[in-house]
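Please read the structure below before turning to the comments.
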Amino acid sequence: SRWGFLLKSEEHRADVAAVWLGEFGTATDSSWWRSMLRYLEERPVVGWAYWPLNGEKRPGEDESYGLLNADMRTVRHPWKLQSLQDLLRATR
């Protein structure tokens with residue numbers, strides 16, 4: 001990994017620097033997505049934020065990575081929301 005070296009590999013502790021992974025997202029349940037979730041689950045010290053919540057990039061333009069649809073009420077990809085909820089439970 002390119003930034004994972006900041007963690008001690010044997011303990012997954014942030015002894016070198018705090019690590020925050022911001023603005024990661026996907027529109028497909030891919031091997032990259034599953035690998036990223038596994039990496040974060042194995043290293044609970046890493047902070048993260050999913051991007052984005054909104055269903056539109058701007059009015060009338062769909063945001064395929066969004067957790068919500070354009071109506072801002074319904075979930076776009078239930079598998080994605082479930083994956084993030086599982087990650088939150090695993091890293092408490």
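The values are calculated or read from the model by the stated rules, or taken from the named source; none is laboratory data. Since the structure is predicted, the reported quantities are computational estimates derived from the model, not experimental observations. Heads up, the Cβs are rebuilt from the backbone with ideal geometry, glycines too, and the neighbour counts pull from every protein chain shown. The protein model used for the area step is the full one, side chains on, heavy atoms only, and it has no ligands, DNA or RNA in it. Shrake-Rupley method; radii C 1.70, N 1.55, O 1.52, S 1.80 Å.
List of remarks:
- Solvent-accessible surface ranking, highest first, for Tyr65, Tyr50 at 1.4 angstrom: Tyr65, Tyr50
- Surface per residue (accessible, 1.4 Å probe) for the stretch 33-92, Å²: 63 Å²
- With every protein chain in place, the stretch 46-92: carbon and sulfur % of accessible area (1.4 Å): 52 percent
- Take 26-34, 76-84 and order them by the average number of nearby Cβ atoms within 10 Å per residue, most first; the result is 76-84, 26-34.
- Taking the convex hull of Cα positions in the stretch 25-90, its mean projected area over all directions (nm²): 4.5 nm²
- In order through the stretch 78-92: 3J(HN,Hα) via Karplus (6.51 cos²θ - 1.76 cosθ + 1.60), integer Hz, x for Gly, Pro: x, 4, 6, 4, 4, 4, 5, 5, 4, 4, 4, 5, 6, 10, 5
- Karplus-derived 3J(HN,Hα) values for the stretch 22-31, using 6.51 cos²θ - 1.76 cosθ + 1.60 with θ = phi - 60°, are x, 6, 10, x, 7, 10, 10, 7, 9, 5 Hz; glycine and proline are entered as x.
- ³J(HN,Hα), Karplus 6.51/-1.76/1.60, whole Hz, each residue of the stretch 43-58, x for Gly, Pro: 10, x, 6, 6, x, 7, 9, 7, 10, x, 7, 4, x, 10, 6, 7
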